[in-house]
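*Asks:* Here it is, the structure, as structure tokens.
Taken together, the values in this text are just the output of simple stated rules run on the coordinates, not laboratory data. Please read these numbers as outputs of a predicted model, since none were measured by experiment. Cβ coordinates were reconstructed from backbone atoms using ideal geometry, including for glycine residues, and neighbour counts include every protein chain displayed.
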2 protein chains.
Amino acid sequence: LSIVLDTQGGDNPPAELIRGGLLAADEYGVDVIFAGDESVIQPNLPANDNRFSIIHAPEIITMEDTPAETVRRKKNSSVVQGIKAVRQGRAKAFVSPANTGAVMAASLFGLGRMKGIERPGIAMALPTTNGSQVVGIDMGANTDSSAENLFQFAIMGRVYAHRVLGIKEPTIALVNIGSELHKGNDLVKQARAYLETLPGFVGNIEPNRLFDGEVHVAVCDGFIGNILLKAAEGGVAITTSALKKALTHRPLYKLGAAMMRPALRMFRDEMNLSRFGGAPLLGVRGISIVTHGHSNADGIKHAIRVAKDAIDCDLLERIESRVQEHITEGVFKKTK
Amino acid sequence: LSIVLDTQGGDNPPAELIRGGLLAADEYGVDVIFAGDESVIQPNLPANDNRFSIIHAPEIITMEDTPAETVRRKKNSSVVQGIKAVRQGRAKAFVSPANTGAVMAASLFGLGRMKGIERPGIAMALPTTNGSQVVGIDMGANTDSSAENLFQFAIMGRVYAHRVLGIKEPTIALVNIGSELHKGNDLVKQARAYLETLPGFVGNIEPNRLFDGEVHVAVCDGFIGNILLKAAEGGVAITTSALKKALTHRPLYKLGAAMMRPALRMFRDEMNLSRFGGAPLLGVRGISIVTHGHSNADGIKHAIRVAKDAIDCDLLERIESRVQEHITEGVFKKTK
């Protein structure tokens, strides 16, 4: 079972990302194909270890590259070549910390869309205060979605929650600014009519309640999803900053904080979002996983874990067959 | 200087909201007119205190009432009657924890729009990690805005940051999912062209950076603004929940936490969002302040403080004259 790891395009240097790949190989028993500059990758690999190989693709996609340019002009980039390895069957999945738009474009172009899916969406398992996880979809693959897109995200997200997170009858909610029926922008109001035809749909969810673990799948436009993620990150940052300020306000507090070190370390580990790295782009015909640009070795390791879980539970086939069932049942038509 | 406080429509009982009004009267030297059910308000007021009066308007606007219904059918609600008192000059400002859509509708209908402003926007001063504040606008008055709306929000938000927060040359940024020029949805891309004509415009801001205090005014569509606020709230909630879990994980930690009580209290006070209650609806011809539905007495007190600050610095007149300058300079036309 081979997984391609893109060693370029993240905020961390390739050596750190490669380290994540090596950790994942040891921990999850996967083979890793490192895509990037061979001269950079080679020195970071153990000698004579046939679990590892390299795709030499030194072109780097920057945050400034538009999705279209990426696919058209940077053919020898680690993103384009990594996706190609998946298409050709040399690997089962692709994992990348690069520019999301570029990964999306290369995946769409290189792997193609699933039948019945107009636009792929990023599904991300988010932490909640009750210890469960909630699948947010779309967390940023698209910027202007239609109600039909949201409907398809919901179907795919539900399969993900069921197969990968092991939730028996996942509930679906629509991300909105209020719980009341009449609330929302035009897109949300249109999408609601579509979602109401789906099993498990329970209504609206406000982003502050999202992290309570009340629902299993939260559906939104990718622009909203990305704003939501980054705003929650901001909320985490102001809280930890206030805590730090309070704990260091007086020398006495610092002493107390030193005594509490194990508890504060536990807190820090709990808030280490690397544990939630790795989000599959659902709706393309192959497993393509995006990770946060900040991902360190741990984040990469976790993203490879997400890839392996998706492979192990036949996620693609399950989504494809669920979408086909919906097409056969005529739900796709009914909602048009 | 009289301010109308709506005692209905919040999550807390009228007595708690009234207490906030009494605190504000003592602390800021304002007179308070309480709008709501006289039989509920009267027993909560000190006897023979001429700083306080009552507008008997017992109809309550619920979260289920649509904005249009509110204004048309609930004429004897505290929202509609409170706004009326401002229009008639009996009070200088209106403060309400009720349904935002209802306050928006009543304010638009009762006070009218400023010349040159198509849609009012909610401006909220948000906390940052460096101790400064950033004005977010629109934080939820509208759900589907145009690029022109965002441009007008920016102008009004900048006057607010300058006059109320005392920032000399406020910078303006556009809330977006990336810092790069090509990022964003259609609305954001269109709005960018408009905003670039404004003094102080510095580009995009991602919601995770919003709380760093790097920019003074952050402009967005009201749906995005409300999602952003609630997601940040969610981020605060998961962080404090993880901290609590860690601090109570072992009896020993509980002892340590007890020793650290002053520091943890300082942290809790710092994270008490009541200190940020009260956001003016800018663009209507009167001062109308919305507060969080959860607002307790402290939150209401702070919202009245926001009202008083707006009155003291002639916020309305300042915004009106700035908008007129822009009209005269032809900027409004140029951008069409």
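*Asks:* Test of understanding: ordering B:Arg19, B:Arg268 by Cβ neighbours within 10 Å, fewest first, what list do you get? Don't skip to the end; give the middle numbers.
*Replies:* On the way: B:Arg19 18, B:Arg268 13.
Lowest to highest Cβ neighbour count: B:Arg268, B:Arg19.
*Asks:* Give me B:Phe223, B:Phe34, B:Phe276 sorted ascending by neighbouring Cβ count inside 10 Å, so fewest comes first.
*Replies:* Working: B:Phe223 25, B:Phe34 29, B:Phe276 18.
Going from least to most buried by this count: B:Phe276, B:Phe223, B:Phe34.
*Asks:* What's the Cα-based Rg to Rh of the range A:108-174, Rh via Kirkwood?
*Replies:* On the way: Rg = 12.5 Å, Rh = 12.7 Å.
Ratio of gyration radius to Kirkwood radius: 0.98.
*Asks:* Follow-up question, since we're still on this one. Rounded to the nearest 0.05, what FRET efficiency do A:Asn130 and A:Lys168 give with R0 = 25 Å and r taken as the Cβ-Cβ distance? Could you check? Can you show the working numbers first?
*Replies:* Working: r = 17 Å, r/R0 = 0.67.
Computed FRET efficiency for A:Asn130 and A:Lys168: 0.90.
*Asks:* Reachable aspartates and glutamates from B:Lys308, Cα under 14 Å, same-chain residues fewer than 8 places away excluded?
*Replies:* Within reach: B:Asp26, B:Glu27, B:Asp31.
*Asks:* Right, another one. Among the listed pairs A:Lys183/B:Lys74; A:Lys189/B:Lys84; A:Lys301/B:Lys183; A:Lys230/B:Lys230; A:Lys74/A:Lys301, which have their C-alpha atoms separated by more than 21 angstrom in this model?
*Replies:* Working: A:Lys183/B:Lys74 19 Å; A:Lys189/B:Lys84 32 Å; A:Lys301/B:Lys183 28 Å; A:Lys230/B:Lys230 12 Å; A:Lys74/A:Lys301 26 Å.
Where the Cα-Cα span goes over 21 Å, the pairs concerned are A:Lys189/B:Lys84; A:Lys301/B:Lys183; A:Lys74/A:Lys301.
*Asks:* Still on this structure, please answer the following. For chain B, with the dipole built from +1 on Lys and Arg beta-carbon atoms and -1 on Asp and Glu ones, taken about the Cα centre, which of B:Ser295, B:Leu243, B:Ser77 lies farthest toward the positive end?
*Replies:* Value computed over the given set: B:Leu243.
*Asks:* Would you kindly work out, in nm and rounded to one decimal, the distances from the label point of A:Ser146 to those of the same position in each other copy, ordered shortest first, with label points 7 Å along Cα-to-Cβ?
*Replies:* Label point to label point, same position, other copies: 2.4 nm.
*Asks:* Right, something else. Straight-line reach only, C-alpha to C-alpha below 21 angstrom: list the lysines that B:Lys254 could link to, leaving out same-chain residues fewer than 8 apart.
*Replies:* The qualifying lysines are A:Lys244, A:Lys245, A:Lys254, B:Lys244, B:Lys245.
*Asks:* Projecting each Cα onto the charge dipole of the range B:178-336 (Lys/Arg +1, Asp/Glu -1 at the beta carbon, about the Cα centre), which of B:Ala232, B:Pro262, B:Ala307 comes out farthest on the positive side?
*Replies:* About the Cα centre, the residue reaching furthest to the positive side is B:Pro262.
*Asks:* Would you tell me the mean number of C-beta atoms belonging to other protein chains that fall within 10 Å of each C-beta in A:170-180, as a whole number?
*Replies:* Mean partner-chain Cβ count within 10 Å for A:170-180: 3.
*Asks:* Enumerate the amide H contacts of B:Ile55 below 5 Å, restricted to partners 5 or more residues apart or on another chain; note that Pro and chain-start residues carry no placed amide H.
*Replies:* B:Phe34, B:Ala35, B:Gly36
*Asks:* Residue by residue through B:250-262, how many Cβ atoms from other chains fall within 10 Å of the Cβ on average? If you can, show how the numbers build up before the last one.
*Replies:* Working: counts 3, 0, 4, 6, 1, 2, 9, 3, 1, 6, 10, 1, 6.
So the per-residue partner count for this stretch is 4.
*Asks:* Just check the range B:179-222 against the gyration tensor rule for me: Cα atoms, a ≥ b ≥ c as the square roots of the eigenvalues, rounded for a/c under 1.5, and otherwise prolate or oblate depending on whether a/b exceeds b/c.
*Replies:* In terms of gyration-tensor shape, oblate.
*Asks:* For chain A, take every pair of Cα atoms, bin their distances at 20 Å starting from 0, and report each bin as a whole percent.
*Replies:* 31, 54, 14, 0
*Asks:* Quick one: 3J(HN,Hα) in Hz for the range B:114-130, Karplus 6.51/-1.76/1.60 with θ = phi - 60°, rounded, Gly and Pro as x.
*Replies:* With coefficients 6.51, -1.76 and 1.60, one gets 6, 4, x, 9, 7, 9, x, x, 8, 9, 10, 7, 9, x, 10, 6, 9 Hz.
*Asks:* Same structure again: Between A:Leu252 and B:Ser321, what is the spin-label point distance in nm, taking each point 7 Å from the Cα along the Cα→C-beta axis?
*Replies:* Those two pseudo-labels are separated by 5.1 nm.
*Asks:* Need one word for the protein assembly as shown: rounded, prolate or oblate. Basis is the Cα gyration tensor (sqrt eigenvalues a ≥ b ≥ c); a/c below 1.5 gives rounded, then a/b vs b/c decides. Can you show the working numbers first?
*Replies:* Numbers: a/c = 1.91, a/b = 1.65, b/c = 1.16.
Prolate, because a/c is 1.5 or more and a/b exceeds b/c.
*Asks:* Sticking with this structure for a sec: Between exposed GluC sites (Glu not before Pro) in chain B, where DSSP calls loop and at most 15 other Cβ atoms lie within 10 Å, what's the longest gap? Mind showing how you got there, number by number?
*Replies:* Details: sites that count: B:Glu64, B:Glu118, B:Glu196, B:Glu329.
Longest stretch, sites excluded: B:197-328.
*Asks:* Have a look at A:Val30, A:Ile177, A:Gly283 and report the one farthest towards the positive end of the charge dipole of chain A, computed about the Cα centre with Cβ charges (Lys/Arg +1, Asp/Glu -1).
*Replies:* The one lying farthest along the dipole's positive direction is A:Ile177.
*Asks:* If you average the C-alpha positions of the range B:28-79 and of the range A:309-326 separately, how far apart do those two centres end up, in angstrom?
*Replies:* The distance from the Cα centre of the range B:28-79 to that of the range A:309-326 comes to 56 Å.
*Asks:* Hey, another quick one. Just want the ordering: B:Lys168, B:Lys308, from fewest to most Cβ atoms lying within 10 Å of their own Cβ.
*Replies:* Numbers: B:Lys168 7, B:Lys308 22.
By the 10 Å Cβ count, ascending: B:Lys168, B:Lys308.
*Asks:* Which chain B residue comes nearest the axis with its C-beta when you rotate B onto A, and by how many angstrom?
*Replies:* Its Cβ sits closest to the axis: B:Gly235, 1.
*Asks:* Quick one: Debye curve from the alpha-carbon atoms of the range A:55-117 only, equal weights, vacuum; give me log10 I(q)/I(0) at q = 0.16 Å⁻¹ to two decimals.
*Replies:* -0.45
*Asks:* Residue by residue through the range A:296-305, what is 3J(HN,Hα) from phi via Karplus (6.51 cos²θ - 1.76 cosθ + 1.60, θ = phi - 60°)? Round to whole Hz and write x for glycine and proline.
*Replies:* These are the phi-based 3J(HN,Hα) values: 9, 4, 4, x, 5, 4, 5, 5, 5, 4 Hz.
*Asks:* Label position 7 Å from Cα toward Cβ: report the copy-to-copy distances for B:Arg261 in nm, one decimal, ordered from shortest.
*Replies:* 2.6
*Asks:* Now, a different point. Tell me, what HN-Hα J-couplings in whole Hz come from the Karplus equation 6.51 cos²θ - 1.76 cosθ + 1.60 at θ = phi - 60° for each residue of the range A:70-79, using x for Gly and Pro?
*Replies:* Karplus values, whole Hz, x for Gly and Pro: 3, 6, 6, 9, 9, 5, 9, 7, 5, 5.
*Asks:* Output, in nm with one decimal and in ascending order, the distances from the B:Gly203 label point to the matching label points of the other copies (7 Å from Cα along Cα-to-Cβ).
*Replies:* 4.3
*Asks:* What residues qualify as long-range amide H neighbours of A:Thr171, i.e. H under 5 Å apart, gap of 5 or more or another chain, H built at 1.01 Å from N?
*Replies:* Amide H to amide H, under 5 Å and 5 or more residues apart or across chains, A:Thr171 pairs with A:His216, A:Val217.
*Asks:* Counting only the backbone N, which residues of the range B:180-209 are under 17 Å from the spot 7 Å out from the Cα of A:Ser146 toward its beta-carbon?
*Replies:* Residues passing the 17 Å test: B:186.
*Asks:* Continuing with this model, one more query. Could you tell me the calculated FRET efficiency between B:Arg113 and A:Glu69, based on Cβ-Cβ distance and R0 = 41 angstrom, to the nearest 0.05? The partial results should precede the final answer.
*Replies:* Numbers: r = 43 Å, r/R0 = 1.05.
Given R0 = 41 Å and the Cβ-Cβ separation, E is 0.40.
*Asks:* I'd like the mean, over residues of B:220-227, of how many other protein chain beta carbons sit within 10 Å of each residue's own Cβ.
*Replies:* Per-residue shielding by partner chains comes out at 6.
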